[in-house]
Amino acid sequence: MESAKLIAALTRIVRDVGVAEDLAQDALVIALDRWPETGIPDNPAAWLMTTAKRRAIDGIRRNKLRDQKYAEIGHGADLYTEDDIDSALDGEIGDDLLRLIFMTCHPVLSQDARVALTLRLLCGLTTDEIARSFLAAETTIAQRIVRAKRTLSAAKVPFEVPVGKELLRDRLSAVFEVIYLMFNEGYSATSGEHWTRPLLCQEALRLGRVLAEIAPRVPEIHGLVALMEIQSSRMKTRVNAKGEPVLLMDQNRAKWDQLLIRRGLSALERCRKLGQPLGPYALQASISACHAQAASVAETDWIKIAALYEALSTVSPSPIVELNRAVAISMAFGPAFGLQIIDELYAVPSLKEYHLLPSVRGDLLVKLGRYDEARVEFERAAALTRNERERALLWNRAAECEFAQLN
């Protein structure tokens, strides 16, 4: 939880994101060594920050070029005093996180490298988790992250939020993607014991809101914020009291957060009023709005959702969009139509290990009464997912298919 904040603050000091990550890890290792003996401090975040900054300062002092380093960071010397730890945690950290996103989304890096590095540093995702998000090999992502750190260090990229044309031209699209993927990882965790990571969603939404203040005339940032606001409204209904996943069709819509829905619809309206064609985030927000404004699954305008996915596939084509479009088509026109699209997606190499493809196919087969085939698909999906809660859900669905077939 504190890793990204540590890295952001340390990057301000050492001006090297790779070194900052190492220092943050050092502080966490020291905590793992000492806290079992001394107990967890009253303010763990401040303890970690103090420890990490002390190590950063010690490293600078040992550096042969310390005079040069001191000159480079002299304007930020106030961050070295322990008296300012609390204020740094409360006031500076949020800005530092946004600065870190823009730093790691610098145009000296490729688009894919920007996103992968930022997900690693800000979300704490493993290279394996990032690889699954990209539908790419783990070794490819690992090499991409290492090269990105070296490139930023060699280019001496400044730790700042750019303004004006540079902001709009060079980095916004990558920043949008990073925040979006950060939110998605919180909304549906790639791996681990929990189905959701709410704090990650909250942080992504907070950064999106800050960015909307920085670039209020850019429609897509309002579309992105709208998407996250509306999706966040469902967070409390996505798991039950036992922490087990609850799918959209089974959620209690009366418990969706109406304030967040209103905020999302307002952001979507701001996006539309700017008078430009809807981009990928605004289109997804429009889809989420259809769900949010429907009192039940039966009352949902699935034909409109299918049309919005059609538009999304034109603006931002991808196998994942096609998978979601298949679901919408199945709800609007029947499972057989959706199954036709799903079967075609099995030929897409990047979806070979993607667990949601067999999961969706299994769901459509259940609706068609083909329980034996559905059971095989759910078992395959369970074997592919890395999330323990999701795996249990899929095994249960497979068992239900076996029971239905016997009866």
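The values are calculated or read from the model by the stated rules, or taken from the named source; none is laboratory data. Given the structure is predicted, the values throughout are model-derived calculations rather than measurements. Cβ: placed from backbone, ideal geometry, glycine included. Neighbour counts: every protein chain shown.
When LEU260 is tested against (1) touching a helix residue (DSSP H, G or I) at 6+ places or on another chain (Cβ under 6 Å); (2) closer than 22 Å to THR118 by Cβ, only condition (2) is not met. Of all residues in the range 269-317, those satisfying the criterion of being outside any helix (DSSP H, G or I), surrounded by fewer than 14 Cβ atoms within 10 Å (Cβ to Cβ) and of a type outside the set (S, T, N, Q) are GLY275, PRO277, ALA295, ALA298, GLU299, PRO317. For the range 268-290, the set of residues classified as touching a residue at least 40 places away in the same chain (Cβ under 8 Å) and touching an Asp or Glu at 6+ places or on another chain (Cβ under 6 Å) consists of GLY279, TYR281, listed by residue number. Among the residues examined, ALA155 does not qualify as surrounded by 21 or more Cβ atoms within 10 Å (Cβ to Cβ) and over 19 Å from the mean Cα position of the chain (by Cα). When LEU207, LEU260 are checked against the criterion of being surrounded by fewer than 20 Cβ atoms within 10 Å (Cβ to Cβ) and either of a type in the set (A, V, I, L, M, F, W, C) or in contact with a strand residue (DSSP E or B) (Cβ under 7 Å, 6 or more places away or on another chain) (or both), LEU260 stands alone in meeting it. For the range 227-257, taking the residues that are in a loop (DSSP other than H, G, I, E, B), of a type in the set (Gly, Ala, Ser) and touching a helix residue (DSSP H, G or I) at 6+ places or on another chain (Cβ under 8 Å), the one that is surrounded by the fewest Cβ atoms within 10 Å (Cβ to Cβ) is identified as GLY243. Would you say SER350 is in contact (Cβ under 8 Å) with a residue 60 or more places away in the chain, of a type outside the set (Lys, Arg), surrounded by fewer than 20 Cβ atoms within 10 Å (Cβ to Cβ) and in a helix (DSSP H, G or I)? Spelling it out, SER350 is indeed in contact (Cβ under 8 Å) with a residue 60 or more places away in the chain, of a type outside the set (Lys, Arg), surrounded by fewer than 20 Cβ atoms within 10 Å (Cβ to Cβ) and in a helix (DSSP H, G or I).
Selection of the range 185-204 for residues being buried (at least 20 other Cβ atoms within 10 Å of the Cβ) and in a helix (DSSP H, G or I) yields GLU185, GLY186, TYR187, LEU200, CYS201, GLU203, ALA204.
Within the range 354-395, the set of residues being modelled with pLDDT of 95 or more and of a type in the set (S, T, N, Q) comprises SER359 only. Being at pLDDT 85 or above, assigned to a helix (DSSP H, G or I) and of a type outside the set (A, V, I, L, M, F, W, C) is a property that ASP26 has. Of all residues in the range 132-144, those being surrounded by fewer than 21 Cβ atoms within 10 Å (Cβ to Cβ), part of a helix (DSSP H, G or I) and in contact with a helix residue (DSSP H, G or I) (Cβ under 8 Å, 6 or more places away or on another chain) number 5.
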